[in-house]
Amino acid sequence: MIIHWIKAHWQIALLSGLIIALWTTPALVPLKILIVLLHELSHAGATVLTGGSVVSLTVDAQQGGQVLSLGGNRFLTLSAGYVGSLALGVALFVIAVRTHFDRFMLGILGGLILLCTALYVRDGFALLFCGVTGAAMIAIARFLWRDLNDLILRLIGLTSMIYVPLDIFSDTISRAHLQSDAWMLAEEIGGTTMFWGGVWLAISLVVICACLCWGLGDNSNVSLRRPIGSDDQRT
């Protein structure tokens, strides 16, 4: 059974191993900043959806980020950062594994990043990172073959599934004194930083386990060869 699983999902295992092996190297920094961007986009989205407004959004080269907002449901907007970025990552991963909408989804994600950049981002590094990332996603979705788009979505999803629980543990449990989302939620709603961090960590682990148990399907491997013909160009 284990041998069958490895044969059916060796690419996912390899990608996960590479991400973990390179975790502390500069090679993973752009992906980590992208996950931070998904975190901040989740805050912004929850703010707008609950009736608030976003003043600004930023990320930095040290893998930090911030959303300044007015109004909205504070419980949902504060909870949306970790939980929302993980949900986005898992959704992208499952779409890549189980559907043929890879190019469409990567293009949509790139367009969303560019839209939010135009509306909310003002500082130099964030403008550059978000602009280049969004434009690159749209270009890849438009001009490159579907399986490459698929692998990119998988890479984003897997990085999110590794990054989010580690970040929750680091920011809310291991260093509970930090002014994190959980710290602010404890100040405004009640409870403690470690309590909310523990809740989010438990949710993240359940979501990741469900994704790996039911999201992979029977065989998650994809072809690494560029297809012959133009059919894939319109998928």
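The values are calculated or read from the model by the stated rules, or taken from the named source; none is laboratory data. Source: prediction; values computed, not measured. Neighbour counts are summed over all protein chains in view; Cβ atoms, including those assigned to glycine, are modelled from backbone coordinates with ideal geometry. Please note that ligands, DNA and RNA were not included when accessible areas were found on the heavy atoms of the full protein model with its side chains. Shrake-Rupley method; radii C 1.70, N 1.55, O 1.52, S 1.80 Å.
Within segment 2-23, residues that are polar (S, T, N, Q) have Cβ atoms under 7 Å from residues that are modelled with pLDDT under 80 in these pairs: Gln11/Ser220; Gln11/Asn221; Gln11/Val222, counting only partners at least 6 apart in sequence or on another chain.
With respect to the conditions (1) at negative phi; (2) out of contact with any helix residue (DSSP H, G or I) (no Cβ under 6 Å at 6 or more places or on another chain), Gly81 lacks only one, and its number is (2). Selection over segment 178-235 of residues that are outside any helix (DSSP H, G or I), open to solvent by 60 Å² or more (accessible area, probe 1.4 Å) and either at pLDDT 95 or above or closer than 23 Å to Leu86 by Cβ (or both) gives a count of 3. Of all the numbered requirements in (1) open to solvent by 30 Å² or more (accessible area, probe 1.4 Å); (2) modelled with pLDDT of 95 or more, Trp23 misses one, and that requirement is (2).
Whenever a residue of segment 81-108 is part of a loop (DSSP other than H, G, I, E, B), its partners that are of a type in the set (Val, Ile, Thr) and buried (at least 19 other Cβ atoms within 10 Å of the Cβ), lying with C-beta atoms within less than 6 angstrom and at least six residues away or across chains, give the pairs Phe101/Ile95. Could you list, in sequence order, all residues of segment 164-177 that are open to solvent by less than 80 Å² (accessible area, probe 1.4 Å), aliphatic (A, V, I, L, M) and within 18 Å of Ile33 (Cβ to Cβ)? Val164, Ile168, listed by residue number. Which residues, counting only those in segment 200-211, are in contact (Cβ under 8 Å) with a residue 24 or more places away in the chain and not aromatic (Phe, Trp, Tyr)? Scanning segment 200-211 gives Leu201, Ile203, Ser204, Leu205, Val207, Ile208, Cys211.
Output the residue which, of all residues in segment 65-99 that are surrounded by 23 or more Cβ atoms within 10 Å (Cβ to Cβ) and small (Gly, Ala, Ser), is nearest to Gly157 (Cα to Cα). For segment 65-99, the residue satisfying everything is Gly89. Scoring Leu88 on the criteria (1) over 18 Å from Leu212 (Cβ atoms); (2) in contact with a Ser or Thr (Cβ under 7 Å, 6 or more places away or on another chain) leaves a single failure, condition (1). Taking (1) under 30 Å from Leu185 (Cα atoms); (2) of a type outside the set (S, T, N, Q); (3) open to solvent by 20 Å² or more (accessible area, probe 1.4 Å) in turn, Leu34 satisfies each apart from (3). Counting only residues that are open to solvent by less than 40 Å² (accessible area, probe 1.4 Å), without any contact (Cβ under 8 Å) to a residue 24 or more places away in the chain and of a type in the set (A, V, I, L, M), segment 117-155 holds 0 of them.
Within segment 156-163, none of the residues are without any contact (Cβ under 8 Å) to a residue 60 or more places away in the chain and either open to solvent by 50 Å² or more (accessible area, probe 1.4 Å) or assigned to a helix (DSSP H, G or I) (or both).
Only a single criterion out of (1) open to solvent by 30 Å² or more (accessible area, probe 1.4 Å); (2) at pLDDT 95 or above; (3) within 17 Å of Ser85 (Cβ to Cβ) is not satisfied by Ala46, namely (1). If only residues of segment 173-226 that are among the polar types (S, T, N, Q) and under 17 Å from Leu76 (Cα atoms) are counted, the one that is farthest from the chain's Cα centre (by Cα) is Thr192.
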